[in-house]
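The values are calculated or read from the model by the stated rules, or taken from the named source; none is laboratory data. Every value quoted in this text rests on a predicted model; they were computed, and no experiment measured them. For neighbour counting, all protein chains shown are included, and Cβ atoms are generated from backbone atoms with ideal geometry for every residue, glycine included. Ligands, DNA and RNA are excluded from the accessible area calculation, which covers all protein heavy atoms including side chains. Shrake-Rupley method; radii C 1.70, N 1.55, O 1.52, S 1.80 Å.
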Amino acid sequence: MERLQKVIANSGYTSRRKAEELIKNGQVYVNGKLKTELGTKVNTSDEITVEGVTLNKVSNKEYYLLNKPRGYICSLDDEKGRKIVTELIDTKERIYPVGRLDYDTTGLLILTNDGNLANILMHPSNDITKTYIAKLEGILTMEEYFRLKDGIVIDGVKCVPKKVKIRKKTLETNTCMVEISIVEGRNHIIKKLFASVNHSVIKL
Ligand code: URA
């Protein structure tokens, strides 16, 4: 339970001092009931209306950095009944992944219920770089490397990686490891980039 004026201020609606004035002036309702006392305590399930505006229910903000294993999808449910990443986290909050990693991709995934942070991280104008290490079938030629570096049109939109680096070539298995950094957040974008220079991704 928290004091009403604090909850209003934490929602970002206004300052705590202004919230106190609004309460005293009869502008605040909790679950449809007028509240004019500053001592009123509320909890996260209460519906708070200030000057006719209903505030988003306040919940505890949670942030997780998950090393996503293979065999999980980044979705809130799956019609095929596959396992979902949120099953790996023990919380009562409604958290969701920021961006997506494919079912067979492993690595760092951020999960949160903080919609504001999720929007900031995912919005392309914020230029957040994501780095992937891909194991490719076949060895990337210098010509293919430069095609990637110059950028490739995927589904009508050009994607220019921030960085492409061949980390390792293994002639015996005819594979190579490539590090690639991009700011895009499109589905399967890394697999599509490599597919367009004729390499399939064995591991990401
Ligand atoms: N691009 C892909 O192709 N797969 C991922 O999991 C992430 C980016």
(message) If you take every residue apart from VAL201 with its C-beta less than 10 Å away from the C-beta of VAL201, what net charge results, scoring Lys and Arg +1 and Asp and Glu -1?
(response) +1
(message) For the chain, what does the relative contact order come out to in percent, with C-alpha contacts under 8 Å and a separation of six or more?
(response) 14 percent
(message) With n ≥ 4 as the cut-off for DSSP H runs, can you work out [θ] at 222 nm for the chain, using -39500 (n - 2.57) per run divided by the number of residues, rounded to the nearest 500?
(response) -5500 deg cm²/dmol
(message) Could you work out how much longer the chain between SER181 and SER196 gets when fully extended? Use 0.36 nm per residue separation minus the Cα distance between them, nm to one decimal.
(response) 3.7 nm
(message) Could you order the peptides 60-73, 31-44 from most to least packed, using the average number of other C-beta atoms within 10 Å per residue?
(response) 60-73, 31-44
(request) State the percent of C-alpha pairs, over all pairs in region 1-148, separated by a distance greater than 25 angstrom. (result) 52 percent
(message) Between region 118-153 and region 84-115, how far is it from one alpha carbon centroid to the other, in angstrom?
(response) 22 Å
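Length gain on complete extension for the stretch THR170 to ILE154, per 0.36 nm per residue less the alpha carbon to alpha carbon distance?
Answer, rounded to one decimal: 3.0 nm.
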(request) Quickly work out the MET122-to-GLU137 label distance, labels modelled 7 Å from Cα along the C-beta direction, and quote it in nm with one decimal. (result) 3.1 nm
(request) With an 8 Å cut-off on Cα pairs and a minimum separation of 6 or more residues, tell me the relative contact order of region 50-138 in percent. (result) 30 percent
(request) Just the number, please: carbon plus sulfur as a percent of the accessible area of the chain, 1.4 Å probe, no ligands or DNA/RNA counted. (result) 48 percent
(message) Given an 8 Å cut-off on Cα distances and at least 6 residues of separation, report the relative contact order of region 113-204 as a percent.
(response) 37 percent
(message) I'd like the distance between the alpha-carbon centres of region 165-188 and region 1-76, rounded to an integer number of Å.
(response) 45 Å
(request) Hey, can you find the accessible area per residue of the chain for me, probe 1.4 Å, expressed in square angstrom? (result) 61 Å²
(request) Please find, in a Gaussian network model of the chain (springs between Cα atoms separated by less than 10 Å), the residue of GLU179, GLU137, GLU21 whose mean-square fluctuation is greatest. (result) GLU21
(request) Would you mind calculating the gained length between THR44 and TYR63 on full extension (0.36 nm times residue separation, minus the Cα-Cα distance), in nm to one decimal? (result) 5.0 nm
